[in-house]
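As structure tokens, the structure follows; a few thoughts come after it.
The values are calculated or read from the model by the stated rules, or taken from the named source; none is laboratory data. Computed from a predicted structure; not experimentally measured. For neighbour counting, all protein chains shown are included, and Cβ atoms are generated from backbone atoms with ideal geometry for every residue, glycine included. The area values use the complete protein model at the heavy-atom level, side chains included, leaving out ligands, DNA and RNA. Shrake-Rupley method; radii C 1.70, N 1.55, O 1.52, S 1.80 Å.
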Amino acid sequence: MKKKFMNPKPIYVKKTSRAIILLHAYSGSPNDVRMLARFLEQANYTVYTPMFTGHGTRNPEDILNEEPDQWWQDTQAAIAFLKQEGFQEIAIFGLSMGGLFATRALEEKISGLIGGGAFCSPLLPEKTNVPENFFRYAQFMLDTFSDDSPEEQQRRLEAIPLLVDTQLENIHTHGRRTYEQLSQMDAPYFIAQAALDEMISPDSVFTVIQKIKSQKFTLQWYPNSGHVVTVGKEHKEFERDVLSFIESLPWKEEIHDQ
């Protein structure tokens with residue numbers, strides 16, 4: 001009997017006037033950043049973890065049917081939502097692909113953003129292990145939750161690689177643009193990189209920081225963590241580092257309850 005799929009949900013908890021957006025990864029959901037979100041809530045920050053369109057379902061094709069342009073729109077919509085809620089100062093971060101869109105938002109100097117960062121993000125346009133990982137993810141989802149016959153599951157899996165390659169090329173287009181614009185970013189910027197990252201080359205982060213060396217940035221290295229650093233062995237240290245960075249941001253307003 002197949003397991004019941006529990007749809008992940010965005011988190012939005014109002015605490016104080018200081019707001020944080022946390023964006024999830026390519027094949028992930030708000031669950032990617034849930035522990036960090038709860039930690040920041042406990043530190044008295046308002047936290048919003050939106051979900052990218054097509055994510056959070058049991059069908060991997062739902063992700064592949066979307067476009068990166070839509071996820072960039074989702075990022076802008078998340079910022080606009082918090083502004084509509086009355087938040088005037090916002091920090092934005094993202095894990096992996098989410099970090100690309102968080103970084104782009106900072107590069108474009110969207111009003112209200114005062115800083116942010118990226119966690120294990122493919123900021124350097126180069127080959128990654130994302131295609132293989134997405135195939136394993138799709139295989140797991142179909143094996144665990146699909147009611148299809150084995151033959152139908154196999155047919156669906158055979159279509160995955162081409163769809164992933166096409167979509168990743170579009171994501172890489174966003175990534176190349178983001179990389180080239182790094183030098184224009186003037187907001188405080190936090191980079192987390194795991195040494196055991198199995199998705200991207202960990203050392204690529206040192207090339208990335210050459211693009212932003214004249215800007216105010218913080219680089220934290222986690223020697224015992226893998227790609228999803230938000231839930232890795234060093235997640236508590238990671239959470240403390242993110243909080244320390246957030247507390248150093250140039251918030252104009254003192255914290256007051258919403």
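Here Gly54 fulfils each of the conditions (1) in contact (Cβ under 8 Å) with a residue 24 or more places away in the chain; (2) open to solvent by less than 70 Å² (accessible area, probe 1.4 Å) apart from (1). When region 77-100 is filtered for residues that are in contact with a strand residue (DSSP E or B) (Cβ under 6 Å, 6 or more places away or on another chain) and in a helix (DSSP H, G or I), the ones remaining, listed by number, are Ala78, Leu82, Gly98, Gly99. Listed by first and then second residue, the pairs linking a residue in region 63-82 that is farther than 16 Å from Thr178 by Cα to a residue that is assigned to a helix (DSSP H, G or I) and open to solvent by 40 Å² or more (accessible area, probe 1.4 Å), with Cβ atoms under 8 Å apart and 6 or more places separating them unless they lie on different chains, are Leu64/Leu163; Glu67/Asn170. Number of residues in region 221-238 that are open to solvent by 10 Å² or more (accessible area, probe 1.4 Å), of a type outside the set (A, V, I, L, M) and in a helix (DSSP H, G or I) equals 3. From the list Glu180, Glu85, Glu151, Glu107, the lone residue that is loosely packed, with under 14 Cβ neighbours inside 10 Å and either within 18 Å of the chain's Cα centre (by Cα) or farther than 30 Å from Phe238 by Cα (or both) is Glu151. Here Val164, Val208 are screened, and the one residue that is in contact with a Phe, Trp or Tyr (Cβ under 7 Å, 6 or more places away or on another chain) and in a helix (DSSP H, G or I) is Val164. In a residue-by-residue description of region 246-254, the property of being of a type in the set (Phe, Trp, Tyr) and closer than 24 Å to Tyr26 by Cα applies to no position.
The single condition among (1) open to solvent by 40 Å² or more (accessible area, probe 1.4 Å); (2) more than 19 Å from Gln76 (Cβ to Cβ); (3) among the hydrophobic types (A, V, I, L, M, F, W, C) that Leu40 does not satisfy is (1). For region 1-48, a residue qualifies if it is within 16 Å of Gly98 (Cβ to Cβ), touching a His at 6+ places or on another chain (Cβ under 7 Å) and β-branched (Val, Ile, Thr), and exactly one does: Val33.
Residue under question is Glu247, and the condition is that it be acidic (Asp, Glu) and closer than 23 Å to Tyr45 by Cβ; does it hold? Considered against the rule, which asks whether it is acidic (Asp, Glu) and closer than 23 Å to Tyr45 by Cβ, Glu247 comes out as yes. Consider region 18-37 and keep the residues that are farther than 30 Å from Asp147 by Cα and open to solvent by 10 Å² or more (accessible area, probe 1.4 Å). The one that is farthest from the chain's Cα centre (by Cα) is Arg18. Picking from residues in region 154-173 that are open to solvent by less than 60 Å² (accessible area, probe 1.4 Å) and of a type in the set (A, V, I, L, M), the one that is nearest to Trp72 (Cα to Cα) is Ile171.
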